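Comments concern the structure below.
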Amino acid sequence: MIRLSLSLPVALAGAITLSLAACGPREALEGGCDADLFAGDLVITEIFANPEGKDDGKEWFEIYNATASAIDLKGVVLIASKEDTSGAEQHVMTDTTIAAGQYLVVGAALPDLIADQPHMDYGYGPALSLRQSGRIAIVCGSTIVDETNYPEMPEATSLALDGAVAPDYTANDSPDNWCPSEVEYATGAFGSPKEANPPCGTTTPGQCSEGGVLRDVVSPAPGDLVITEIMANPDAANDETGEWFEVLVNADVDLNGLAVGTTPGEPEVIVGDGQQECLHVAAGTYVVFAASLEATDNGGLPVASYAIDFGLSNSGDSLYLGTGDQVLDQVTWQSGDVYTGAATSLDPGSLDPTANDDFGVWCEAVDVYGAGDKGTPGAENPACDFPLPDGMCEEEGVARAIVAPVAGDITISEWMANPDAVTDDKGEWFEAVASADFDLNGLELGTVDPVDGPQLETTIQSRACLPVTAGSFVVFSNNGDMDTNGGLPKVDAVISFGLTNSDSGVFVGAGGEVLDQVSYATTEAGASTMIDDAGTTCTTPPEKTYGLGDIGTPTVANPACPAAVQ
C-alpha cells in the first residue's frame, strides 16, 4: 500500500492533510460534498493529458460510477498534481450528476464552451493542468474516493484502464492495467471518452474475462461443434455479403480461439482473436458465421454471430472448425450440393461431426428467411425428405438410379502434381475423359503406391446427381475455388488428398473396381503431365497455359506430345 500526504483546500474545512491510500476500502469520513461517497464509488478510467500541439482546453479524464445509483457530484474536488503530490491544483465541481454504471468526462474546456467539445461532459477550465506524467485524485469531503498515478503520456493518445475487467479503484493503481488507446475518437486523437474501454490485450493465453473476472477458456472438444447449414450461393444478396454457415453447439464451451477456414491448419478466422471477453455459448445454441453482420447487406439474416472474411465456393469446397492442430469438424461439398438462393441443410437426424461428412444426409433448405432466400440460420433445421434408396440420386427434386461408369467409360488424361502459380495444397488436379454418359456419384478416387498399388482416398458422395456426358472432360482438384487454385476453368469434384510430385500415381474406380490408373516417376514444376491421342505420355507443351500461368490443358483436348510430331 502506497501512502502519500495531500493537503486539501482551505475551502474544504481548513488545511486538512490526508494520507492517500492507493488501495483498500475505508469508512466514509465527514466531508463537504453533497454526496455520501465511499472509496471506490468513483473510478478514474481514462486520462488524456498530452494533446497534440497546445494543451489549452484539450486535456481530459474520465470517471466511472461504480455504484448502483446516480451520484450528485456537487462539491466533489478534482485534484491534479505531480506524482509526489506537490504542485497540486484543484477544482470544486458544480451541479453535475453521473448515472449508475456510466462514464463522465471532465476536461479543460471552459464551462461556457463545453458544447464545442462533444467528447466532454463537464469543463473545469484552467483550474487544472494535467502533467504529462502525474497524479489525479477525486475527493469528497475527507474521503479520497479514488486516486491514481500515471506514467509518461503518449502524444494525442489516452491511457485507458483495461476494459477486460470491470472498472475498479484498486485495479487502476497498477501500471500493468493501463494501455494506450487505439480508438480514434477525433481526427488525430485516440481514446474512448464516455464509453467502456477496449481490452488491453494482457490476458494470459488460455484465459478470458467473464464479468471482469479472469478464468480458463473452456475449449470445445471433438463432438462439441457440428457444421449444420451452409449458404454458399445466396440470391437475395451477393456472395460477398450474403454467404454464411451455421454451427450447432453440443456442449457449454467458449469459442475463444476457434479456428475457421477451408484448409485444416490454415485458419482464415480465429474467433475472438485479440479479444479478452469470454465468448461463452451454451449447449443447444446455433451460432451463425456470416460474410456480413449487417441485415441490410446479408439478405436479412435473423442472427449473425461472427464475421468471416473468406468465401464459400459454389463449385465445391471444404469448411472446417478446429482448435490448435485439432480438427473438430470438416465437411467437403461438390457443385451439385450447392443451391441457388437456398442453404444446404443437414438433416437433424445426423447432427454429428462424422455423420455430416456424407452429403447424402444434407438437402436443400425450404424455409424462407429475411429477404427471400431459404434456410433456418440460428434455428433447428427441418427434416430432409429422406431416405433415397441405395444407388439413387436426386435430379431436379426427383430420385433416379445412379448411372455408374464401367471399364472404358473414363480415362485419366492429365495430372498436375506440382503447380508453381499456387502452392501444391491449393492447385493440384487431374483430368479424365468420359467416353460414355454416367454419374460421378460413388466414383472412387485415390493414389497409386509403387509397391501397394491403388489406395482409395475419396469417394464422391452427393444426394444430388452429378452427371457427365460422353466426350466431356472431368476435372478433380484439391481446391474448388477458382480464385485460389491457379485459375482452373472448372472443378467437377473436390478431392481430399494430394498428388505426390514423384514415384506415385492416381486412379479412378467404381464399386471397388479400378477403371483406370496412371503412374509417374517425376513431374515438372508448374507443368502438367498429359497423355495424347496416340497414348504417349509427356510434359504438356509450354505454350499451353491456363489461369495464372501454369502449363496445362484442363477441360480441353490435349495436344500431341512433341515426340509424336515428326
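The values are calculated or read from the model by the stated rules, or taken from the named source; none is laboratory data. Please read these numbers as outputs of a predicted model, since none were measured by experiment. Cβ coordinates were reconstructed from backbone atoms using ideal geometry, including for glycine residues, and neighbour counts include every protein chain displayed. These area figures cover heavy atoms from the full protein model, side chains too; ligands, DNA and RNA do not enter into them. Shrake-Rupley method; radii C 1.70, N 1.55, O 1.52, S 1.80 Å.
Annotation: of all residues in the stretch 110-137 being under 41 Å from the mean Cα position of the chain (by Cα) and aliphatic (A, V, I, L, M), the one that is farthest from Gln90 (Cα to Cα) is Ala115. Reported count of residues in the stretch 405-429, each being buried (at least 23 other Cβ atoms within 10 Å of the Cβ), of a type in the set (D, E, K, R) and in contact with an Asp or Glu (Cβ under 7 Å, 6 or more places away or on another chain), is 1. Among the residues making up the stretch 89-116, those that are hydrophobic (A, V, I, L, M, F, W, C), open to solvent by less than 30 Å² (accessible area, probe 1.4 Å) and either assigned to a helix (DSSP H, G or I) or in contact with a strand residue (DSSP E or B) (Cβ under 6 Å, 6 or more places away or on another chain) (or both) are Ile98, Leu104, Val105, Val106, Ala109.
Does Asp235 count as open to solvent by 20 Å² or more (accessible area, probe 1.4 Å) and more than 18 Å from Thr344 (Cα to Cα)? No: the conditions fail for Asp235.
In the list Gly552, Gly535, which residue meets the criterion of being small (Gly, Ala, Ser) and touching a Phe, Trp or Tyr at 6+ places or on another chain (Cβ under 7 Å)?
Details: Gly535 fails: touching a Phe, Trp or Tyr at 6+ places or on another chain (Cβ under 7 Å).
Within the list Gly552, Gly535, the selection yields Gly552.
Within the option set Asn197, Asn172, being modelled with pLDDT under 95, open to solvent by less than 60 Å² (accessible area, probe 1.4 Å), of a type in the set (S, T, N, Q) and not in a loop (DSSP other than H, G, I, E, B) holds for one residue only, Asn172. Just to check your reading of the model, which residue among Ala464, Ala432 is touching a Cys at 6+ places or on another chain (Cβ under 7 Å), more than 21 Å from Pro264 (Cα to Cα) and surrounded by 20 or more Cβ atoms within 10 Å (Cβ to Cβ)? Matching residue, one of Ala464, Ala432: Ala464.
Checked against (1) crowded, with 22+ Cβ neighbours inside 10 Å; (2) closer than 29 Å to Asp425 by Cβ, Gly299 meets all criteria but (2). Restricting attention to the stretch 200-232, the residues that are under 30 Å from Thr344 (Cα atoms), in a strand (DSSP E or B) and open to solvent by 30 Å² or more (accessible area, probe 1.4 Å) add up to 0. Selection within the stretch 123-149: residues that are touching a Phe, Trp or Tyr at 6+ places or on another chain (Cβ under 8 Å) and not in a strand (DSSP E or B). The member of this set that is most open to solvent (accessible area, probe 1.4 Å) is Ser133. Screening the stretch 484-531 for strands (runs of 3 or more DSSP E) wholly inside it with 2 or more residues that are of a type outside the set (A, V, I, L, M) returns the ranges 504-510, 513-520. Go through the residues of the stretch 305-321 one by one and say whether even a single one is of a type in the set (A, V, I, L, M, F, W, C) and farther than 25 Å from Tyr369 by Cβ. No, the conditions are met nowhere in the stretch 305-321. With respect to Asp72, determine if the residue is under 44 Å from the mean Cα position of the chain (by Cα) and either surrounded by 14 or more Cβ atoms within 10 Å (Cβ to Cβ) or polar (S, T, N, Q) (or both). Criteria met by Asp72. So which residues in the stretch 363-381 are open to solvent by 20 Å² or more (accessible area, probe 1.4 Å), part of a loop (DSSP other than H, G, I, E, B) and farther than 19 Å from Val226 by Cα? Scanning the stretch 363-381 gives Val366, Asp367, Gly370, Ala371, Gly372. Note on the stretch 259-292: residues that are more than 30 Å from Val474 (Cα to Cα), in a loop (DSSP other than H, G, I, E, B) and touching a Ser or Thr at 6+ places or on another chain (Cβ under 8 Å) total 4.
Within the stretch 337-362, restricting attention to residues that are farther than 27 Å from Ala283 by Cβ and assigned to a strand (DSSP E or B), the residue that is most open to solvent (accessible area, probe 1.4 Å) is Tyr339. Candidates in the stretch 382-395 are the residues that are acidic (Asp, Glu) and in a loop (DSSP other than H, G, I, E, B); of these, the one that is farthest from Ala295 (Cα to Cα) is Asp390.
Ser192: in a strand (DSSP E or B), open to solvent by less than 50 Å² (accessible area, probe 1.4 Å) and not aromatic (Phe, Trp, Tyr), yes or no? Even if it seems obvious, please write down each step before you answer.
Details: in a strand (DSSP E or B): no; open to solvent by less than 50 Å² (accessible area, probe 1.4 Å): yes; not aromatic (Phe, Trp, Tyr): yes.
No: the conditions fail for Ser192.
Close contacts from the stretch 139-167, counting a first residue that is on the phi > 0 side of the Ramachandran plot and a second that is surrounded by fewer than 24 Cβ atoms within 10 Å (Cβ to Cβ) and not in a loop (DSSP other than H, G, I, E, B), with Cβ to Cβ under 9 Å and a gap of 6+ residues or different chains, come to Gly141/Val77; Ala156/Ala189; Ala156/Phe190.
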